[in-house]
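One structure is given below, encoded as structure tokens.
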Amino acid sequence: MEIYTTEEQQVEAIKKFWKDNGTAIILGAVIGLGGLWGWRYYNEQRIVGMDQASGQYQQVMQGLESDDQGFSKALDYVNTHSDNNYALLTAMQLANKAVTRDDLSEAAKQLKFAAEKSSVPAITAIANLRLARVHVQLEQYPEALAVLDAIGADNYQGQVQELRGDVFVKQGNLDKARAAYSAAMEIHSGNNLIKMKLDNLPAVASV
């Protein structure tokens with residue numbers, strides 16, 4: 001590094017440095033400050049957007065619990081905010097409400113949307129389990145089995161196997177039902193309901 005012995009040399013060096021690099025420094029400062037401001041603005045707008053979305057979701061949920069118009073408004077919310085994670089939660093609640101209204105087709109539609117929308121394996125698995133149960137109620141057994149086959153989350157395999165057993169019983173395929181219930185029992189050995197289902201199967205399964 002060059003050592004300057006007089007103030008004049010130091011001043012001249014500063015002038016020369018500024019002349020050579022001043023424009024780049026100013027531009028860099030502007031870009032840096034602009035980027036910082038832009039980032040802060042983006043975060044602030046995102047927070048505002050999240051607050052607004054949360055408020056809308058709360059209003060939709062309150063309406064859903066209050067009257068039939070709330071059900072229609074919740075449907076509209078899901079349709080118009082399909083790219084919003086609150087739409088996923090709304091769809092799950094709509095499915096529950098649809099089941100109580102005996103509108104199983106709508107329940108299946110909302111659960112399918114939730115399963116496809118979710119990026120969280122646990123939520124996807126729960127939505128698909130509920131969807132499979134709705135298919136069973138609609139006597140859509142191949143559809144129920146297809147949904148169950150798509151559930152890969154290990155934590156839910158006991159429920160998957162139990163529900164597969166239920167489907168096979170409905171179809172009269174008792175051999176497969178026994179195998180499914182047995183697989184479920186291996187996972188949930190203390191589950192008395194699964195054990196009862198397994199014990200209640202005829203000793204000699206139909207072919």
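Restricting the stretch 190-206 to residues that are part of a loop (DSSP other than H, G, I, E, B) and farther than 15 Å from G172 by Cβ, the residue that is modelled with the highest pLDDT is N191. Across the stretch 134-145, what is the total count of residues that are part of a helix (DSSP H, G or I) and open to solvent by 60 Å² or more (accessible area, probe 1.4 Å)? Total satisfying the criteria: 3. Would it be correct to say that D199 is surrounded by fewer than 17 Cβ atoms within 10 Å (Cβ to Cβ) and out of contact with any Leu (no Cβ under 7 Å at 6 or more places or on another chain)? Here the answer is yes, as D199 does meet what is asked.
Tell me, yes or no, whether the stretch 138-151 has at least one residue that is touching a residue at least 24 places away in the same chain (Cβ under 8 Å), of a type in the set (S, T, N, Q) and at negative phi. Looking for residues that are touching a residue at least 24 places away in the same chain (Cβ under 8 Å), of a type in the set (S, T, N, Q) and at negative phi, one finds none in the stretch 138-151, hence no. Scanning the stretch 79-133 for residues that are surrounded by fewer than 16 Cβ atoms within 10 Å (Cβ to Cβ), free of Cβ contacts under 8 Å to residues at least 24 places away in the same chain, assigned to a helix (DSSP H, G or I) and over 14 Å from the mean Cα position of the chain (by Cα) yields N79, T80, N96, T100.
The values are calculated or read from the model by the stated rules, or taken from the named source; none is laboratory data. Computed from a prediction, not measured in an experiment: that's the story for all the values here. Positions of Cβ are generated from backbone atoms using ideal geometry, with glycine treated the same way; all protein chains shown enter the neighbour counts. Note: accessible area is taken over every heavy atom of the protein model, side chains too, but ligands, DNA and RNA are not part of it. Shrake-Rupley method; radii C 1.70, N 1.55, O 1.52, S 1.80 Å.
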